Amino acid sequence: MEASLQLPVSKASNSLTEFRHEVRAFIQKELDAESFQPDCDSWLAGFSREWSMKMAEKGWVGMTFPKEYGGQGESNLKRYVVTEEMLAAGAPVAAHWIADRQTGPLLLKYGTEYQKQTFLPGICKGEVYFSIGLSEPNAGSDLANIHTKAVKESDEWLLNGSKIWTSGAHLQDYMIVLCRTEKQTEKKHEGLSQFIVDLRAKGVSIRPITLMTGEEHFNEVFFENVRLSDEMIVGKLGEGWKQGMAELAFERSGPERFLSTYPLLEEMITVLKQRADANSTYAYTEIGKLVATLVTLRRMSFSIAQLLEEDQPASLVASLVKDLGNQFENTIIETARMLIESEPSSHSEQKYERLLAKAMLHSPGFTLRGGTTEILRSIVGKGLGL
Amino acid sequence: MITIERMLVDTTEKLFKQTCTKELINDAENGTFPKTFWNELDSMGITTIGVPEDCNGSGFTKLDAFAVLKIAGSFAAPIPLAESIIANWQYVELGLPLPNTKQTISMINEDVDLQQHSETWIINGTFNRVPFTQWADDLVSPVKTPTGKWYLLKIPLNLTTTVPDSNIAGESRNKVICKNTSLNSSQVIAMTPEHAAQFIHETLLGRTMMMAGALQQILTMSIHHAKERQQFGRPIGKFQAIKQQLAVLTGLATSANVIADSAATATVDNIQFQNEVKIAKTYVSQSISKAVPIAHQIHAAIGFTHEHPLHQYTRRLWSWRDEYGSEAFWAKQIGENVISSSKSLWKQL
Ligand SMILES: Cc1cc2nc3c(=O)[nH]c(=O)nc-3n(C[C@H](O)[C@H](O)[C@H](O)COP(=O)(O)OP(=O)(O)OC[C@H]3O[C@@H](n4cnc5c(N)ncnc54)[C@H](O)[C@@H]3O)c2cc1C
C-alpha cells in the first residue's frame, strides 16, 4: 500500500480515557439541567454563546493553544476527545467551532506575535468567533478563481469584493478572508493572501441567505473599501493559498465529518429498545453495520489526530475520512427510515421524528461544505498519482 | 396501447406552469390557501376528473386523473388535489351526489370506533397525518369495524378537533380527533372490502404519481444547472463526475415514471392493480434516497438555499416517500407474499 495511506494504529492512553469520563460527566450534568437540547448538525447550526463560554471555563476551547495565549497547551488527542463527546451529545458548539479548529492553529503557525496576543485569548474564553471567507459566487469548487482583492494605498490596504456561503458571519466577529493581492495570472493560486477582517468594520455588510430549511445560517458578505492595516495580514503576502491548504487536514478529518447525524442514531436505538418488534434480524443487522462503520471511522479519525499531533502529512487520508464519514451520516438517516415506520416532522411531539427531520433537511450540506465529494475524490486520485 | 387525453394534459400543464409559481408555493407553505389557482382548477373540472359527466363530473378516465396528478407533482402543487379527486370518486361509486365542498382523505385510522344509534352514528377515534384539513370541509375515510365491515365516513371537519402538524415540505398533516362526533346515515355509507382496498390503492398511486412528476422536475433542473453553472472555465456538466451522476439520476427518474405509469394503467382487475401499485410505491419511494442527494450535489450550495426552487421538490419527495407507508413498509409485504407463496417467484410475476 502507498506509504501515505498507512495509518498508525493509535489507542487512547488511560489518562485520555479518564479525561473522556470527565467530559462525559460535564455533559451529563448539563443534560440533567436541560441547558441544551441534543440536536443533529450542532457544530453548524447550534450557535450558543453561553455554551461556548461554559466550555471555555472548563478550558476546552482553544485547549491546544499555548498557555501564554490563554490555552491549555494540551494535545490534539485531548481536543479530539472533547469534540467527539460534544458532537455525540449534539451540543451547541457552532459559535467557537471554526476559531477553535482552524483560526487558532492558523494564527499559531503563521500569525504575528501581535495577532496571537490580540485574538487567541478571546478565542480561548469562548468569546471571540471567526468565520471562513473563501467561496465567492464564481469561485466554489474552483476556489482559486476568487476576485475579492486588497490593494495597497499608502500604508493601508483597501479590500473590495464579496464572499458567499459564509457560515455564521452574521453572528461572528472576524473573518479570515482569502483575497487577491496581485493581479490574476495563469498561475491562479499565486498572489493570494489571507487577512483578518473585523466583521463590524466600516464597509462590511452582511446579508444572511436563508437555508432551504428556513433557518438563517450562511451569508453573503460584501466589502466596500474596507481599510486594513499590514498588521492584519496572516503569514506571508502571496502565500495565502498554501497556508490555507495546510489547514485542510484539520478541517477534513475531524469527528464532525461523521457525527453530524449521530444524535439520530442514538435516539433510533432508544426507540428500538422500547419496541417489541425491534428484535428482528433485520434491525440487528442494520444497526450492527452502522456500529462497525462508526468504530472504523473513529479509529481512522483518531489516527489522523495522532499524525497531526506529530506534524505529519495527512491531507490524503483526511479526504478519505470526510468522504466515508459523509456517506455514514447519510446512511444513518436512511437506516432510520427503514427500521422505524414514521414520518419526519420538525414539529413532532416525538424527538425521534424531529431529529430525523433535522438530519434530512441538513443532509445536502454534508457532502458540500469543506470541499465537495467530487473535489475530494479528485484529490485522492491525484494523491494516488493518477 | 393505452392513451391519455393529450389535450387535457397540455392545458393542465400550461395552467400549472403559469400559476403554480415558486412564490405561490412559498405562500402556501406559510399558510395561505392558493384560492384563485384552486378555483381555476375547479372551474376547468380538474377536481372531478374521472367522474362521469352524467354524475356532474368532467368525464375523462382515472388514468387521465393520474396523469394530471403527475403534473401536479412536477410543479410541487401545494393543494389537496389528489385528495379531492379521490374523494369524489368514492362518492360517485357509492351512489352519492358530488359535494361542492372541498375534501380531504385519510386511510390511517387504526382505532376508530363506530356506534350506531338508529339513524345516527357516534364516532370516536383519531385520524393521523391528514393532508390540508384547514383547507377542506370534509374528511373522507374508509373505516373497518371490529366485525370486519367497512364504511366510508364523510366527517364534516367542523365537528372535529385538529392538532396541527406538517410534513417537512410545509404541507399540513394534521391529527383529526373525533370525540362523540355524531353523523347521520348519509355520512356513514357501507362499502365492500374490495372498494375500500381500491380507495387505499388509489390514494397510494396518487402519491406515487406526484413523486414521479417531482422526480422528473429535479432531473430537468439538474440538467439545466449542469449546463449553466461554470467552474474551472467550463460547464460543470462537462466533468465526468457530474455526467455519471446525471446518468444515474436520469435512470432513476425514468424508471420511476415507467412503473408509476404502468400501475396507473393496470386496470385489468383489482388484484393486479393493487399489486402493481404496491410495487410502484415501493420502487419510486426507494429511488428517492438516491435521486435527491444527486440533485442536491449537482446544485451544490445554491440548491441548499431557500431562494432556489429545488428544495420545494426535494422536501416534498422526502415527505411523500414516507406517506402511506415507506418502501420499507410495502417491500416487507411484497417480500412476505412472495416467500409465503407455493409458486416460484417467476410464476408469481
Ligand atoms: C452548509 C454549507 C456551509 C458552507 N460554509 C462555508 C463557509 O463558511 N465559508 C466558505 O467560504 N464557504 C462555505 N461553503 C461553500 C462550500 O465550500 C461550497 O459550496 C463548495 O466549495 C462548492 O462550491 P459551489 O457550491 O459553488 O459548487 P460548484 O463548484 O458550482 O459545484 C457544483 C457541482 O459541480 C461539481 N464540480 C465542480 N467542479 C468539478 C470538477 N472539476 N470535477 C468534478 N466535479 C466538479 C461539484 O462537486 C458540485 O457537485 C459552505 C457550503 C455549505 C453547503
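The values are calculated or read from the model by the stated rules, or taken from the named source; none is laboratory data. These numbers were taken from a predicted model, which means no experiment stands behind them. So basically every Cβ, Gly included, is an ideal-geometry build from the backbone, and we count neighbours across all protein chains shown. When the accessible area is computed, the model is the full protein with side chains, heavy atoms only, and any ligands, DNA or RNA have been set aside. Shrake-Rupley method; radii C 1.70, N 1.55, O 1.52, S 1.80 Å.
Descriptive notes on the structure:
- Filtered residues of segment A:333-373 (kept if assigned to a helix (DSSP H, G or I), touching a helix residue (DSSP H, G or I) at 6+ places or on another chain (Cβ under 8 Å) and within 8 Å of another protein chain (Cβ to nearest Cβ)): A:Glu334, A:Arg337, A:Met338, A:Leu339, A:Met360, A:Leu361, A:Ser363, A:Pro364, A:Gly365, A:Thr373
- Only residues that are in a helix (DSSP H, G or I), more than 12 Å from the ligand (Cβ to nearest atom) and not β-branched (Val, Ile, Thr) were counted in segment A:374-386, giving 1.
- Count of residues meeting criterion [of a type in the set (Phe, Trp, Tyr) and assigned to a helix (DSSP H, G or I)] in segment A:109-161: 3
- Every residue from segment A:186-216 that is open to solvent by 10 Å² or more (accessible area, probe 1.4 Å), within 16 Å of the ligand (Cβ to nearest atom) and farther than 14 Å from A:His170 by Cα: A:Lys188, A:His189, A:Gln194, A:Thr213, A:Gly214
- Test for A:Asn219: is it in a strand (DSSP E or B), within 14 Å of another protein chain (Cβ to nearest Cβ) and either of a type outside the set (Lys, Arg) or buried (at least 16 other Cβ atoms within 10 Å of the Cβ) (or both): yes
- Selection within segment B:219-234 - touching a Leu at 6+ places or on another chain (Cβ under 7 Å) and either of a type in the set (Val, Ile, Thr) or within 9 Å of another protein chain (Cβ to nearest Cβ) (or both): B:Ile223
- Scanning segment A:138-155 for residues that are open to solvent by less than 60 Å² (accessible area, probe 1.4 Å) and either among the small types (Gly, Ala, Ser) or more than 8 Å from the ligand (Cβ to nearest atom) (or both) yields A:Ala139, A:Gly140, A:Ser141, A:Ala144, A:Asn145, A:Ile146, A:Thr148, A:Ala150.
- Qualifying residue in segment A:45-61 (condition: within 16 Å of the ligand (Cβ to nearest atom) and either open to solvent by less than 30 Å² (accessible area, probe 1.4 Å) or assigned to a helix (DSSP H, G or I) (or both)): yes
- Some residue of segment B:267-282 being touching a residue at least 24 places away in the same chain (Cβ under 8 Å) and either within 13 Å of chain A (Cβ to nearest Cβ) or within 24 Å of A:Gln327 (Cβ to Cβ) (or both): yes
- Considering residues of segment A:123-137 that are charged (D, E, K, R) and within 30 Å of A:Pro66 (Cα to Cα) only, the residue farthest from the ligand (Cβ to nearest atom): A:Lys125
- Residue match in segment B:333-342 (condition: of a type in the set (Gly, Ala, Ser) and within 14 Å of another protein chain (Cβ to nearest Cβ)): yes
- Options B:Ala67, B:Ala77, B:Ala82: the member that is part of a loop (DSSP other than H, G, I, E, B), hydrophobic (A, V, I, L, M, F, W, C) and buried (at least 23 other Cβ atoms within 10 Å of the Cβ): B:Ala77
- For segment A:341-348, the criterion of being over 12 Å from A:Arg257 (Cβ atoms), crowded, with 17+ Cβ neighbours inside 10 Å and within 16 Å of the ligand (Cβ to nearest atom) is met by none of the residues.
- Pick from segment B:1-35, criterion among the hydroxyl-bearing types (Ser, Thr, Tyr) and in a helix (DSSP H, G or I), ranking: nearest to B:Thr133 (Cα to Cα): B:Thr19
- Single residue of segment A:162-184 satisfying the filter (in a strand (DSSP E or B) and open to solvent by 30 Å² or more (accessible area, probe 1.4 Å)) that is farthest from the ligand (Cβ to nearest atom): A:Tyr174
- Some residue of segment B:186-195 being assigned to a strand (DSSP E or B) and touching a Ser or Thr at 6+ places or on another chain (Cβ under 7 Å): no
- Test result for A:Glu190, more than 20 Å from A:Phe130 (Cα to Cα), among the acidic types (Asp, Glu), more than 14 Å from chain B (Cβ to nearest Cβ) and touching a Phe, Trp or Tyr at 6+ places or on another chain (Cβ under 8 Å): yes
- A:Thr335 passes every criterion in (1) more than 13 Å from the ligand (Cβ to nearest atom); (2) open to solvent by 40 Å² or more (accessible area, probe 1.4 Å) apart from (2).
- In segment B:263-320, the residues that are over 20 Å from B:Ala197 (Cα atoms) and not in a helix (DSSP H, G or I): B:Thr305, B:His306, B:Glu307, B:His308, B:Pro309
- In segment A:349-369, residue nearest to the ligand (Cβ to nearest atom) [restricted to those that are in contact with an Asp or Glu (Cβ under 8 Å, 6 or more places away or on another chain) and open to solvent by less than 20 Å² (accessible area, probe 1.4 Å)]: A:Gly365
- Screening B:Ser58 against (1) open to solvent by less than 70 Å² (accessible area, probe 1.4 Å); (2) among the hydroxyl-bearing types (Ser, Thr, Tyr); (3) in a helix (DSSP H, G or I) leaves a single unmet condition, (3).
- Per-region count, segment A:113-170, residues of a type in the set (Ser, Thr, Tyr) and under 18 Å from the mean Cα position of the chain (by Cα): 6
- Test: B:Ala301 is open to solvent by 10 Å² or more (accessible area, probe 1.4 Å), among the hydrophobic types (A, V, I, L, M, F, W, C), within 11 Å of chain A (Cβ to nearest Cβ) and farther than 15 Å from B:Arg207 by Cα: yes
- Here A:Tyr284 clears all of (1) away from chain B (no Cβ under 14 Å); (2) of a type outside the set (S, T, N, Q); (3) under 20 Å from the mean Cα position of the chain (by Cα) except the condition numbered (3).
- Residue that is nearest to the chain's Cα centre (by Cα) [pool: residues in segment A:193-216 that are more than 14 Å from chain B (Cβ to nearest Cβ) and part of a loop (DSSP other than H, G, I, E, B)]: A:Leu199
- Test: residue in segment B:135-154 that is in a helix (DSSP H, G or I) and aliphatic (A, V, I, L, M): no
- Conditions (1) of a type in the set (A, V, I, L, M, F, W, C); (2) closer than 23 Å to B:Phe232 by Cα; (3) in contact (Cβ under 8 Å) with a residue 60 or more places away in the chain: number failed by A:Leu368: (3)
- Of the residues B:Ser166, B:Ser222, B:Ser182, the single one that is open to solvent by less than 10 Å² (accessible area, probe 1.4 Å) and not hydrophobic (A, V, I, L, M, F, W, C) is B:Ser222.
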